[in-house]
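Engineer: Dumping the structure here so I can ask a few things about it.
The values are calculated or read from the model by the stated rules, or taken from the named source; none is laboratory data. The shown structure was predicted, so the numbers you read here are calculated from the model rather than taken from an experiment. In this analysis, Cβ positions are derived from the backbone assuming ideal geometry, glycine residues included, and neighbour counts consider all displayed protein chains. Surface accessibility is based on the protein's heavy atoms, side chains included, excluding ligands, DNA and RNA. Shrake-Rupley method; radii C 1.70, N 1.55, O 1.52, S 1.80 Å.
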Amino acid sequence: MTAPVAPRIRRPSWRDPRLGVGVLLVAGSVALGSWVVNQANQTVEVYAAPDVLTPGETIVVEDLELVSVSVPEVDATYVTPRNPPEPGAVIVRTVHEGEIIPLASVGAAADVDVRTVAVPIGTALADSIGVGSQVDVWVAAGADSLGSAAGEDEVTEPELLVSGVEVAAVHEDSSLFAGPGTMQAHLLVPSGELPAVLAAMSADSAITVVPVPGSGAP
């Protein structure tokens, strides 16, 4: 029998098209990787809130923080050194601490649709809410509001007056009629809800502020 002849392995030739395709694939992968890394390293400066900014607060550029981000088209979306707010511009929606300031949260004073109302609260509640927190406001009418037929200590069942309003500030009540440990929460009440809130505060009504769970802490 004739012994089988082992096939010879040919050396790859520069003329082999498969070698050219391989070189192109490697070069393309390297170029794509370099482009991705280069794009990731391109950052721009934008303004961020150093603390909570609430509606109606005037924006002072010098008080803002500059941070570098890798976000495309930032000038069309956020407040930047190249696209600063107009003089006298105010916050029209709450911007939380460390948040990049969107252009949509900046406007004129006439665009602010909330008003600040000071509501008395206890010290314990003051420790559990802070600027930017959300609360519900409940009201229960007292005897004077119920008429002469009501008992002296009788009150109505509490009703939800306004929900999800933001806290603009919390501080001690320094008025002459405030008792020891009395605090005030300055609430940002929507203009449409303002008459009902003011009416409840001027009447002999018990007003209770209830924190909304998960809405932020001081």
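Engineer: Ordering Y78, Y47 by how much accessible area each has at a 1.4 Å probe, largest first, what is the list?
Structural biologist: Y78, Y47
Engineer: Please list, ordered by chain and number, the residues whose modelled amide H lies under 5 Å from the amide H of V106; skip anything fewer than 5 residues away on the same chain.
Structural biologist: When sequence neighbours closer than 5 places are left aside, the close amide H contacts are V92.
Engineer: Still on this structure, I have one more. Let me make sure I get this right: for the stretch 79-139, a, b and c are the square roots of the gyration tensor eigenvalues over alpha carbons, sorted descending. Under 1.5 in a/c it's rounded, otherwise prolate if a/b > b/c, else oblate. Which is it?
Structural biologist: prolate
Engineer: With label points built 7 Å along Cα→Cβ from the Cα atoms of V210 and E62, find their separation and express it in nm.
Structural biologist: Those two pseudo-labels are separated by 4.6 nm.
Engineer: If amide hydrogens are placed 1.01 Å from N in the peptide plane, which non-local residues have theirs closer than 5 Å to the one on Y78?
Structural biologist: L103
Engineer: Quick one: Karplus J couplings for the stretch 130-141, per residue in order, coefficients 6.51, -1.76, 1.60, θ = phi - 60°, nearest Hz, x for Gly and Pro?
Structural biologist: Rounded to whole hertz, the list is x, 4, x, 5, 10, 9, 9, 10, 10, 9, 10, 5.
Engineer: Pull up all non-local amide H partners of L187: gap of 5 or more, or a different chain, and H-to-H distance under 5 Å with H placed in the peptide plane.
Structural biologist: V117, A118, V119, A168
Engineer: Still on this model: In sequence order, what are the phi-derived ³J(HN,Hα) couplings for the stretch 45-57 according to the Karplus relation 6.51 cos²θ - 1.76 cosθ + 1.60 with θ = phi - 60°, rounded to whole Hz, with x for glycine and proline?
Structural biologist: 8, 9, 8, 10, 7, x, 8, 5, 10, 10, x, x, 6
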